[in-house]
Amino acid sequence: MVHVLSSRILLRPADPERSRQFYGQTLGLPVYREFGTGPERGTVYFLGGGYLEVSGSTAAAPSPAVRLWLQVADVRAEYEELSEHGAEVLRPPQREPWGLIEMWIADPDGHRIALVEVPADHPLRYRP
């Protein structure tokens, strides 16, 4: 058995400064820690129950199989704020057939990010 003490998602962006601007300023994620020096230094952001590390760089295109899923309290309010901050909105908020309210954005490298609201009447809000 693996006893996981902590976890994080690692992103290797094409332009680390541009990605730090997006995650730190546009999304407003709080910084957990920073390490290293220079343009490829690392920044780790809080992601609710996990972390997102932006460090190093790559010229490779992002995999369409990798996506971030972020639960938020009010997806419509996030839509308004992110639109004002120039985030690339791929799809505005809408209620999905499974009952969640979702919107999709992209980071500067094209990683797709779902912002998801669990409505008050959704079964995920109830415990038997």
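Nothing in this text is a laboratory measurement; each read-out follows from the coordinates by a stated rule. Treat the numbers as computed from the prediction; the structure is a model and nothing was measured. All Cβ positions, glycine included, derive from the backbone under ideal geometry; neighbour counts span all protein chains shown.
Of note:
- Taking each DSSP H run with n ≥ 4 as -39500 (n - 2.57) and averaging over every residue of the chain yields -3500 deg cm²/dmol at 222 nm.
- A simple spin-label model places pseudo-atoms 7 Å from Cα toward Cβ; at ALA65 and SER7 they are separated by 1.7 nm.
- Counted residue by residue at 0.36 nm each, then reduced by the alpha carbon distance between them, the extension gain from GLU34 to ALA73 reaches 11.3 nm.
- Of all DSSP beta bridges confined to the chain, the antiparallel ones make up roughly 70%.
- Taking amide H as placed 1.01 Å from N in the peptide plane, GLU88 has its amide H under 5 Å from the amide H of ALA106, each at least 5 places away in sequence or on another chain.
- Computed over all pairs of different Cα atoms, the Kirkwood value for the hydrodynamic radius of the chain is 15.8 Å.
- From phi via Karplus (6.51, -1.76, 1.60), per-residue ³J(HN,Hα) for the range 82-95 in Hz, x at Gly/Pro: 5, 4, 5, 8, x, 5, 7, 8, 7, 7, x, x, 7, 7
- Note on TYR126 and ALA14: their simple-model spin labels are 4.7 nm apart, each label 7 Å out from Cα toward Cβ.
- Residues in the range 94-128 that a label on GLN25 would reach, taking backbone N under 20 Å of a point 7 Å out along Cα→Cβ: 105-111
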